[in-house]
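Read-outs: derived from the displayed coordinates by stated rules, not from any lab. Owing to the predicted nature of the structure, the values given are computational and were not obtained by experimental measurement. All Cβ positions, glycine included, derive from the backbone under ideal geometry; neighbour counts span all protein chains shown.
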Amino acid sequence: MSKIDEFFNVEGKVIAITGGAGIICSEMARSLGTLGAKIAVLDLSEKALEELGEELTQKKVEHILVKTNVLQKEDLVKAREGIIAKFGKIDVLINGAGGNKPEATTSAEKSFFNLPQDSIQWVFNLNFLGTFLASQVFGEYFAKRKEGIIINISSMNAFRPLTNIPAYSAAKAAVSNFTQWLAVHMNHNYSKKIRVNAIAPGFLLTNQNKFLLTNQDGSLTERGHKILDHTPMGRFGNPEDLISTIIWLISDSSEFVNGVVVPIDGGFSAYSGV
């Protein structure tokens, strides 16, 4: 193995991924698994778990599938213990569970003043509380082990809130703040070898935002046009665009990187519009 390969090596690392059967995180599972990592996929959807499990088996990725509700702490504890029983350790937690929903989104038909409380609570809980609880459960293991890596999934909304999605924007801002807080807390109280970072993906065409960016015929909505106009690279992102940064944050090449939120956005956050 060359020095550069060793620097970015993830082989043998045990990586737990919440929301792991979703569009973004399933790509992480496939990519990291084919590089030799052992993958624990935590997701609430049995169907999505089964489908991803078949893919990972075909790719000869060593993995475990765990049906998990990230809003139930006992589910997370059971998942943690199952992963340790299977692989003997856990090296990395990726907090990928998250998403938005139309009911928590303002529009010409839905006023901010009429957004239902249960929908707002659902979005905030899934994105922030799911990250918080998983970090408690897996972070406790890392604290006892004296090392570990947590990677959270923030968003462009955390840099500047976007129109129409108040709950999602607020939740992702909370995730970014929590990432910094937890990085400091774990170093000060448990180990200097625990790192907590986040990525902030730009605009990817996924199930959670496709209804905002494209029309039924596949053409761009007004919002979709605005986003591309403010993205210097001129395109939406793909889940594959996130993988190299994830590898960097997991591997030894980032061993002095802690408490940061890395934009992967095609330049969106750098462009003022002028």
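List every residue pair whose Cβ atoms sit under 6 Å apart, with the two residues 6 or more apart in sequence or on different chains, where the first one lies in the stretch 167-178 and is assigned to a helix (DSSP H, G or I) and the second, anywhere, is among the hydroxyl-bearing types (Ser, Thr, Tyr).
Pairs found: 172/154; 172/155; 175/131; 175/154; 176/154.
Name the residues in the stretch 87-102 that are outside any loop (DSSP other than H, G, I, E, B) and surrounded by fewer than 16 Cβ atoms within 10 Å (Cβ to Cβ), would you? Quick ask: steps written out before the conclusion?
To start, the set of residues in the stretch 87-102 that are outside any loop (DSSP other than H, G, I, E, B) comprises 87, 92-95, 102.
Correct list: 102 only.
Condition (residue is of a type in the set (Gly, Ala, Ser) and under 14 Å from the mean Cα position of the chain (by Cα)) applied to the stretch 199-221: is it met by at least one residue? It would help to see each step written out before you state the result.
To start, the set of residues in the stretch 199-221 that are of a type in the set (Gly, Ala, Ser) comprises 200, 202, 218-219.
Cutting the leftovers down to under 14 Å from the mean Cα position of the chain (by Cα) gives us 200, 202.
Checked the stretch 199-221: at least one residue is of a type in the set (Gly, Ala, Ser) and under 14 Å from the mean Cα position of the chain (by Cα).
Which number in (1) assigned to a strand (DSSP E or B); (2) under 23 Å from residue 103 (Cα atoms); (3) not small (Gly, Ala, Ser) marks the one condition that residue 196 misses?
Residue 196 satisfies all of (1) assigned to a strand (DSSP E or B); (2) under 23 Å from residue 103 (Cα atoms); (3) not small (Gly, Ala, Ser) except (2).
Quick one: in the stretch 109-147, which of the residues that are aliphatic (A, V, I, L, M) and surrounded by fewer than 18 Cβ atoms within 10 Å (Cβ to Cβ) is nearest to the chain's Cα centre (by Cα)? Lay out the reasoning, then the answer.
Quick first cut of the stretch 109-147, residues aliphatic (A, V, I, L, M) only: 115, 120, 123, 126, 129, 133-134, 137, 143.
After this cut, where a residue has to be surrounded by fewer than 18 Cβ atoms within 10 Å (Cβ to Cβ) as well, the list is 115, 129, 143.
Values: 115: 26, 129: 13, 143: 21 Å.
This residue is 129.
Kindly indicate whether any position in the stretch 212-223 is acidic (Asp, Glu), free of Cβ contacts under 8 Å to residues at least 24 places away in the same chain and part of a helix (DSSP H, G or I). If you could, list the steps in order and put the result at the bottom.
The initial filter retains those residues of the stretch 212-223 that are acidic (Asp, Glu), namely 217, 222.
So of that shortlist, the ones also free of Cβ contacts under 8 Å to residues at least 24 places away in the same chain come out as 217, 222.
Those still in the list that are part of a helix (DSSP H, G or I) too: 222.
Yes.
Within the stretch 148-160, track down each residue that is surrounded by 15 or more Cβ atoms within 10 Å (Cβ to Cβ) and either farther than 18 Å from residue 126 by Cβ or not β-branched (Val, Ile, Thr) (or both). Reasoning before the result, please.
Residues of the stretch 148-160 that are surrounded by 15 or more Cβ atoms within 10 Å (Cβ to Cβ), as a first pass: 148-159.
Of everything in the stretch 148-160, those that are surrounded by 15 or more Cβ atoms within 10 Å (Cβ to Cβ) and either farther than 18 Å from residue 126 by Cβ or not β-branched (Val, Ile, Thr) (or both) turn out to be 148, 149, 152, 154, 155, 156, 157, 158, 159.
Among the residues of the stretch 40-50, are any surrounded by fewer than 18 Cβ atoms within 10 Å (Cβ to Cβ) and closer than 22 Å to residue 194 by Cα?
No: the stretch 40-50 contains no residue that is surrounded by fewer than 18 Cβ atoms within 10 Å (Cβ to Cβ) and closer than 22 Å to residue 194 by Cα.
Out of the residues in the stretch 45-69 that are in contact with an Asp or Glu (Cβ under 9 Å, 6 or more places away or on another chain) and of a type in the set (A, V, I, L, M, F, W, C), which is nearest to residue 130 (Cα to Cα)?
It comes out as 66.
Suppose we keep only residues that are surrounded by 21 or more Cβ atoms within 10 Å (Cβ to Cβ) and within 14 Å of the chain's Cα centre (by Cα) within the stretch 161-180. Which one would you say is nearest to residue 100 (Cα to Cα)?
Restricting to residues being surrounded by 21 or more Cβ atoms within 10 Å (Cβ to Cβ) and within 14 Å of the chain's Cα centre (by Cα), the top hit is 168.
For the list (1) over 26 Å from residue 182 (Cα atoms); (2) part of a loop (DSSP other than H, G, I, E, B); (3) in contact (Cβ under 8 Å) with a residue 60 or more places away in the chain, I need the number of the one condition that residue 257 fails.
(1)
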